[in-house]
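Following: one structure in structure tokens, then a few remarks.
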Amino acid sequence: MYEYELQQARSAELRRRAEHERLAREVVRGRRSARREAAERAAERAEGGAGSESHTHLLHRLRFARPA
């Protein structure tokens, strides 16, 4: 009977750990999603809502002639 109770305790502990890991992954996923959405909103505000597909601002800066 002792082995059965020990196995039950181990099983319950594994379930608790698995639940904790699942919740931790869910929190990380939510934070990542929130950061991504905030970055998208900031990019839209910076572009003036143009919705450009460019991934860099380098194409939008002025080009100056290089000295020879």
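Filtering the stretch 42-57 down to residues that are part of a helix (DSSP H, G or I) and surrounded by 10 or more Cβ atoms within 10 Å (Cβ to Cβ), which residue is modelled with the highest pLDDT? Working first, answer last.
So the first thing to find is which residues in the stretch 42-57 are part of a helix (DSSP H, G or I), and the list is 42-47.
Now restrict to residues that are surrounded by 10 or more Cβ atoms within 10 Å (Cβ to Cβ): 42-44, 46-47.
Values: Ala42: 92, Ala43: 89, Glu44: 89, Ala46: 86, Glu47: 80.
Looking at the filtered set, the residue picked out is Ala42.
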(message) Looking at the structure I just gave you, is Arg61 at pLDDT 65 or above and open to solvent by 100 Å² or more (accessible area, probe 1.4 Å)?
(response) no
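The values are calculated or read from the model by the stated rules, or taken from the named source; none is laboratory data. Bear in mind that the values here come from a model prediction, so they are computed numbers and not experimental data. Reconstructed Cβ throughout: ideal geometry from the backbone, glycine too, with neighbour counts over all protein chains shown. Side chains are part of the model used for accessible areas, which takes the heavy atoms of the whole protein and leaves out ligands, DNA and RNA. Shrake-Rupley method; radii C 1.70, N 1.55, O 1.52, S 1.80 Å.
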